[in-house]
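Enquirer: Sharing a structure here in structure tokens format.
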Amino acid sequence: MTNLSPLVYWSQTKQTLLLKVDLKDAKGAIADFSPVSVNFSANGHGARGVNAYKFELHFYALIDDENAAFVVSDNKIELQIRKLEPEWWPRLVATPQKPHWLKIDFDRWRTEDDGEVEEKPRDVRQDYEKEYADLQKHELGYIKEKTKKVYMIFYNLAMFVGYLYIMVVMGVLYYRDGVDSIAKTYANVGNAFKFIQLLQYLEVMHPMFGYTKGSPMVPFFQVSGRNFILFLMIDIEPRMYAKPVVFYVFIIWSLVELVRYPYYLAQLLGREVGLLTWLRYTIWIPLYPMGILCEGIIVLRNIPYIEETKRFTVEMPNSWNITFDMVLFLKIYIMLLILPGSYLVMSHMAKLRSKKLGKGRAKRRQHLHAD
């Protein structure tokens with residue numbers, strides 16, 4: 001059955017795009033945005049009567065997909081999109097040929113000084129991505145993937161295997177020895193956990209080299225927070241090895257990553273797995289508070305050991321003429337971890353969850369006038 005596409009009218013400013021989809025009484029509207037495209041589907045009354053309509057557009061340049069939205073009203077659907085870089089586009093789509101159902105919204109049309117917009121040189125392989133992939137597959141028997149994508153697939157796969165190994169070892173030992181295995185958790189998987197946690201610092205460099213979006217500071221603080229607990233609060237104090245809280249924090253950290261890395265793999269491979277997406281943006285709700293609680297207990301258990309050994313404490317007099325009280329630092333750390341730290345982390349995840357899982361929920365707006 002041939003897919004039906006609705007009439008779509010587009011206009012732009014230097015910063016934004018507005019796409020008006022000509023569908024009346026639309027139901028079940030979904031707009032799935034990526035940095036380079038949008039996939040849209042809905043049921044409604046369009047050019048071919050009441051039908052299911054869908055379309056896909058590959059944009060001329062990058063958009064801010066995280067803040068893209070759409071609004072459904074009685075006689076149209078508006079897709080509101082911000083350009084990643086403020087500039088005038090000579091056209092909406094990547095290819096010079098536009099779909100027959102894509103029209104200019106002349107009522108809102110604007111260009112730079114209402115003149116011609118100069119088109120930048122483009123890579124034809126980008127403009128005809130699907131056709132180029134088909135040609136590669138026909139000539140070579142396979143599709144050449146970008147080096148960055150191949151690296152990210154192997155990285156995420158390796159990290160998933162690492163955390164899966166840790167969980168399997170802990171599970172097998174617990175099945176065999178019962179609660180007696182809890183005290184031996186660090187002896188059995190501690191070295192593997194240290195290796196994989198150090199490897200996570202690669203995620204700080206990924207955004208620096210353009211392999212992922214976002215700021216390197218976010219993964220830096222996340223990875224460093226875990227490594228502070230792992231290396232300075234557990235590894236350096238042998239009396240912590242047998243504590244049950246170490247077993248629980250390893251379980252919590254591993255469960256988070258056993259969902260996160262497969263989700264990233266699915267995104268890299270262009271697969272949308274509904275259950276995996278839901279788990280990625282939901283499993284943190286019980287696990288993050290439990291993880292913060294366990295990390296706080298580990299720090300609290302270390303305070304008497306630090307007071308006894310004076311580890312990391314710098315007292316006067318010394319050649320640097322400075323003093324540092326590690327016990328005081330840990331008390332401040334716990335307060336920051338429990339109050340502002342937990343709030344910032346969980347509010348950030350709540351916003352991401354709302355954006356990702358609420359994408360298909362269009363805000364309804366009352367129809368005020370006929371188009």
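The values are calculated or read from the model by the stated rules, or taken from the named source; none is laboratory data. Quantities reported herein were computed from a predicted structural model and do not represent experimental measurements. Counting neighbours? That spans all protein chains shown, and the Cβs are built from the backbone with ideal geometry, glycine included.
Enquirer: For the list (1) out of contact with any Phe, Trp or Tyr (no Cβ under 8 Å at 6 or more places or on another chain); (2) assigned to a strand (DSSP E or B); (3) of a type outside the set (S, T, N, Q), I need the number of the one condition that residue 42 fails.
Expert: So the condition that residue 42 fails would be (1).
Enquirer: Kindly indicate whether any position in region 346-365 is in contact with a Leu (Cβ under 9 Å, 6 or more places away or on another chain) and in a helix (DSSP H, G or I).
Expert: no
Enquirer: I'd like to check something: does region 10-32 contain any residue that is under 30 Å from residue 352 (Cβ atoms), in contact with a Ser or Thr (Cβ under 6 Å, 6 or more places away or on another chain) and surrounded by fewer than 19 Cβ atoms within 10 Å (Cβ to Cβ)?
Expert: yes
Enquirer: Of the residues 273, 259, 249, which single one is closer than 16 Å to residue 352 by Cα, out of contact with any His (no Cβ under 9 Å at 6 or more places or on another chain) and assigned by TED's automatic domain parsing to the domain that holds residue 309?
Expert: It is 259.
Enquirer: Of the numbered conditions (1) under 18 Å from residue 253 (Cβ atoms); (2) modelled with pLDDT of 95 or more, residue 172 fails exactly one; give the number of that condition.
Expert: Every listed condition holds for residue 172 apart from (1).
Enquirer: Hey, any hits in region 57-68 for a residue that's farther than 21 Å from residue 213 by Cβ, assigned by TED's automatic domain parsing to the domain that holds residue 106 and either surrounded by 14 or more Cβ atoms within 10 Å (Cβ to Cβ) or modelled with pLDDT of 90 or more (or both)? Don't jump to the end; show me each part of the working.
Expert: Step one: list which residues in region 57-68 are farther than 21 Å from residue 213 by Cβ, which gives none.
No: zero hits.
Enquirer: To continue, here is another question. If I ask for residues that are surrounded by 16 or more Cβ atoms within 10 Å (Cβ to Cβ) and part of a strand (DSSP E or B), which ones from region 83-109 would you list?
Expert: 83, 93, 102
Enquirer: Every residue in region 264-315 that is surrounded by fewer than 18 Cβ atoms within 10 Å (Cβ to Cβ) and of a type in the set (Phe, Trp, Tyr), please.
Expert: Scanning region 264-315 gives 278, 288, 305, 312.
Enquirer: Same structure, new question: Scan region 211-226 residue by residue and report those that are touching a residue at least 12 places away in the same chain (Cβ under 8 Å) and farther than 15 Å from residue 330 by Cα.
Expert: Listed by number, the residues that qualify are 211, 212, 213, 216, 219, 220, 223.
Enquirer: Still on this model: Does region 136-158 contain any residue that is at pLDDT 95 or above, in a helix (DSSP H, G or I) and touching a Phe, Trp or Tyr at 6+ places or on another chain (Cβ under 8 Å)?
Expert: yes
Enquirer: Any residue in region 330-356 that's assigned by TED's automatic domain parsing to the domain that holds residue 234 and modelled with pLDDT of 85 or more: show its pairings with residues that are assigned to a helix (DSSP H, G or I) and not aromatic (Phe, Trp, Tyr) at Cβ separation under 6 Å, as long as the two are six or more apart or on different chains.
Expert: 330/299; 330/303; 334/296; 334/299
Enquirer: Filter region 233-259 down to the residues that are buried (at least 17 other Cβ atoms within 10 Å of the Cβ) and among the hydroxyl-bearing types (Ser, Thr, Tyr), then identify the one that is nearest to residue 173 (Cα to Cα).
Expert: Going through the qualifying residues, I end up with 248.
Enquirer: Kindly indicate whether any position in region 63-72 is polar (S, T, N, Q), in contact (Cβ under 8 Å) with a residue 40 or more places away in the chain and not in a strand (DSSP E or B). Quick ask: steps written out before the conclusion?
Expert: Step one: filter region 63-72 for residues polar (S, T, N, Q), giving 67.
If we keep only those that are in contact (Cβ under 8 Å) with a residue 40 or more places away in the chain too, we end up with none.
No; the residues of region 63-72 include none that is polar (S, T, N, Q), in contact (Cβ under 8 Å) with a residue 40 or more places away in the chain and not in a strand (DSSP E or B).
Enquirer: Being over 25 Å from the mean Cα position of the chain (by Cα) and farther than 11 Å from residue 8 by Cβ is the filter here, so list the residues in region 40-53 that pass it.
Expert: Result: 42, 43, 44, 45, 48, 49, 50, 51, 52.
Enquirer: Quick one: would you say residue 292 is within 20 Å of residue 218 (Cβ to Cβ), in the same structural domain as residue 179 (by TED's automatic domain parsing) and touching a Ser or Thr at 6+ places or on another chain (Cβ under 6 Å)? Working first, answer last.
Expert: Details: within 20 Å of residue 218 (Cβ to Cβ): yes; in the same structural domain as residue 179 (by TED's automatic domain parsing): yes; touching a Ser or Thr at 6+ places or on another chain (Cβ under 6 Å): yes.
So residue 292 passes the test.
Enquirer: Give the residue, chosen from 128, 165, that is among the aromatic types (Phe, Trp, Tyr), modelled with pLDDT of 95 or more and surrounded by 14 or more Cβ atoms within 10 Å (Cβ to Cβ).
Expert: The unique qualifying residue is 165.
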